[in-house]
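Participant: If you scroll down you'll find the structure; I have some questions about it.
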Amino acid sequence: MDRDVETMGVALPSLPRRAALAALVASASVCALPTPSRAFTRPPAGFTRYNDAIDGYAFDRPSEWIEVKGSGNDVFFRDPAEVETNCFVSVSSPSSSTYASVEDLGAPEDAGKRVLDQYLSELMSTRLGVRRESEIVRAEKREDVDGKVVYDLEMRISSYSARNQYGLTADDRPQTLEWDRTLRSALGTENGKLYELRMQSPTESYQRNEGKFDAMVKSFRQFEADTPSVRSGFGL
């Protein structure tokens, strides 16, 4: 004899066993639907999703890129065919400023200046005869799929150095181009922290990589962390 099946506190009418099981599965499926902000979307062809539930962020990276351990960043990937083309994520420390929105940094242009200053500080050299030229190519504000504001920044930095560092005059210390890089930075906030996805490549190959960088920026999302950590000290 069939018996009433009860689920989630609601009694269902007497049903054949197979129908009752189907009703239970359907009920569980409805309850398990993900929220829009955490719903799974398949990465584009040629990309693989990187998801960090501990720190609360995710992004798509080119499938052929390899992870590099011990870089000091939260995560670091590079193109094995061109090691100067790479990306990494930094997360601000809870001991630094608390961020409610990326707009706490000011307008996109203001954030761009702060980020560029930080880049130049990281690249500071003690060598004599080194000169750096930099520019903010663009600084834009957009909304991600969850409706959160994200800043998308593009910068270019060139480094020049003198082979003869101890020449007496400027003519004795002619400077030549060492390297020329274009960098992208996507900034977002969640869990009171600031997240940066930074991508870079030699300027001469940036056009070839720009489509990949666009997809990575578009995929970069921050969400509530399962267990917020203090692994990274990034902050502006």
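The values are calculated or read from the model by the stated rules, or taken from the named source; none is laboratory data. For clarity, every value in this text was computed on a predicted model and none was experimentally measured. A quick note on method: Cβ atoms are made from the backbone with ideal geometry, for glycine too, and the neighbour counts reach across all protein chains shown.
Participant: Which residue, of Arg138, Arg156, Arg132, Arg127, is modelled with pLDDT under 90 and farther than 25 Å from Thr41 by Cβ?
Facilitator: It is Arg127.
Participant: Sticking with this one: When Asp180 is evaluated against the numbered criteria (1) farther than 17 Å from Gly112 by Cα; (2) at pLDDT 95 or above; (3) not in a strand (DSSP E or B), which criterion, by number, is the only one it fails?
Facilitator: (3)
Participant: For the stretch 141-153, give me each residue that is assigned to a loop (DSSP other than H, G, I, E, B) and either closer than 16 Å to Ser101 by Cβ or in contact with a Cys (Cβ under 9 Å, 6 or more places away or on another chain) (or both).
Facilitator: Asp144, Asp146, Gly147, Lys148
Participant: Residue pairs, Cβ under 6 Å, 6 or more apart or interchain, first in the stretch 127-155 and on the phi > 0 side of the Ramachandran plot, second in a loop (DSSP other than H, G, I, E, B) and not acidic (Asp, Glu). List them.
Facilitator: Short answer, once both residue conditions are applied: Gly129/Gln165; Gly129/Arg173.
Participant: Just to confirm my filter: which strands (runs of 3 or more DSSP E) fall fully inside the stretch 46-108 and include at least 3 residues that are β-branched (Val, Ile, Thr)?
Facilitator: In the stretch 46-108, the matching strands (runs of 3 or more DSSP E) lie at 82-91.
Participant: Going by the structure shown, is Glu154 in contact with a strand residue (DSSP E or B) (Cβ under 8 Å, 6 or more places away or on another chain), farther than 29 Å from Ala225 by Cβ and among the acidic types (Asp, Glu)?
Facilitator: no
Conditions tested, residue by residue: (1) polar (S, T, N, Q); (2) in a helix (DSSP H, G or I); (3) exposed (fewer than 13 other Cβ atoms within 10 Å of the Cβ).
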{"site": "Gly112", "(1), (2), (3)": "no, yes, no"}
{"site": "Thr126", "(1), (2), (3)": "yes, no, yes"}
{"site": "Gly129", "(1), (2), (3)": "no, no, no"}
{"site": "Ala139", "(1), (2), (3)": "no, no, no"}
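Participant: When only residues in the stretch 59-89 that are hydroxyl-bearing (Ser, Thr, Tyr) and either over 17 Å from the mean Cα position of the chain (by Cα) or at pLDDT 95 or above (or both) count, which is surrounded by the fewest Cβ atoms within 10 Å (Cβ to Cβ)?
Facilitator: This residue is Ser63.
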